[in-house]
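Beneath this line is the structure, given in structure tokens, with notes to follow.
The values are calculated or read from the model by the stated rules, or taken from the named source; none is laboratory data. Just so you know, these numbers come straight off a predicted model, no measurement behind them. Note that we place each Cβ from the backbone using ideal geometry, even for glycine, and neighbour counts take in every protein chain shown. Please note that ligands, DNA and RNA were not included when accessible areas were found on the heavy atoms of the full protein model with its side chains. Shrake-Rupley method; radii C 1.70, N 1.55, O 1.52, S 1.80 Å.
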Amino acid sequence: MRWFVNKHPVWAGFIIILAAIALWLIFAVWPEWLVDAVGRKKIFLNALFNGITLGGLYFLVASGFTLIFGLMRNVNLAHGSLYLLGGYIGYGVAEWTGYWLLAFPAAFIVAGAFGILLQLVVFRRMEGQDLRQTLVTIGVSIVMADLMLWIWGGDFYNIRAPSWLSGPMETFFVTDVRTSTGDLIFLKYPMVRVVIFAASVVVGIGMWLLLSRTRVGMMIRAGVDDSQMLAATGARIQLAFLGVFAFGAGLAGMAGVVGGTFQSVAPGEDIRFLLASLVVVIVGGMGSIPGAAIGALLIGLAEQFGSVYFPTYAVVLTFLIMVLVLAFRPQGLMGRA
């Protein structure tokens, strides 16, 4: 932090000012002129927290994608299909057993197994051939989409959360003041979204610690830089890559359960989350878990605030962020040059 302030004092001052304004908007009671200009504070806070929780969902999908694409340099454009497959599997398991939590390991195992199959059949045979990987995985995603449409149809499915997660929880964020009594009105927000966002934070911290603080993570990063040299030392680099690919695919499957819980599972969601993952990785930087978290948060907030305050240009905001990052920092916010 001190290094950034010393090297970029103007940017540091700008960020501090923006943070101060954001904190005031979140915690202060809004004056009448601000309500007239922007709208009710409750709408602003809902857009803010919806953007943060949507960013958590995007991070779960994109973190697996950044492991496979950003770290291992495998162009897996079937990643969105793994998300959708996990959502369908999670829905089936939750409905069949009645236990929401069982949907997560089931989706992780099925999507991870399919990821292992992809790595063995496709990527191991096409190492370094980006164009062939792109074309083959596009074909795989089309076939998977048709098969899932044949099996589950074109309906929308919603995975029901357990009763202990249903309903809103009262937060400590003030949305308004009752004029008659002067009592403060606090924001209520769905419990399931809060729990899922907290889980995404735990997953992100765990992945960062695994890649940056463990021997396995060191071997994976070294294998990406020079796999032949690492293999010469006796390390089983192909087995490590297989495990990373399975883990990334399993994360996409678990994210499908998350998305099906507070949104829905339906045809077309695979393309949506594949594009979101691509944007998140480009914005955050290839192979960077903190970068994926920052990128997912920015994209989630841009989508939600855009849909509330700029509904006509909501999609433009997302790609405007990507264009600005590519213009001023092509390697991404946290990527290596």
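When we screen Y157, Y99, Y83, Y88 for residues that are hydroxyl-bearing (S, T, Y) and open to solvent by 70 Å² or more (accessible area, probe 1.4 Å), the only hit is Y99.
Collect the residues in the range 115-132 that are within 13 Å of M72 (Cα to Cα) and under 24 Å from the mean Cα position of the chain (by Cα), keeping them in residue-number order. Result: Q119, F123, D130.
Taken as a whole, the condition of being at pLDDT below 90, crowded, with 20+ Cβ neighbours inside 10 Å and over 26 Å from the mean Cα position of the chain (by Cα) does not apply to K7.
Here's the yes/no breakdown for (1) within 25 Å of the chain's Cα centre (by Cα); (2) assigned to a strand (DSSP E or B); (3) of a type in the set (A, V, I, L, M):
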site	(1), (2), (3)
M148	yes, no, yes
G154	yes, no, no
R160	yes, no, no
V174	no, yes, yes
S180	no, no, no
K188	yes, yes, no
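Before we move on, is I142 under 30 Å from W96 (Cα atoms) and open to solvent by 90 Å² or more (accessible area, probe 1.4 Å)? Yes. It is to be established whether one or more residues within the range 146-153 are surrounded by 12 or more Cβ atoms within 10 Å (Cβ to Cβ) and among the small types (G, A, S). No, that holds for no residue.
Quick one: which of L242, L297, L320, L275 is within 17 Å of the chain's Cα centre (by Cα) and more than 30 Å from S166 (Cβ to Cβ)? Full working, then the answer.
Values: L242 fails: within 17 Å of the chain's Cα centre (by Cα); L297 fails: more than 30 Å from S166 (Cβ to Cβ); L320 fails: within 17 Å of the chain's Cα centre (by Cα).
From the options L242, L297, L320, L275, the qualifying one is L275.
Out of V121, V110, V75, one residue alone is without any contact (Cβ under 8 Å) to a residue 40 or more places away in the chain and under 30 Å from I237 (Cβ atoms). It is V121.
If only residues of the range 115-139 that are open to solvent by less than 60 Å² (accessible area, probe 1.4 Å) and not β-branched (V, I, T) are counted, the one that is nearest to V258 (Cα to Cα) is G115.
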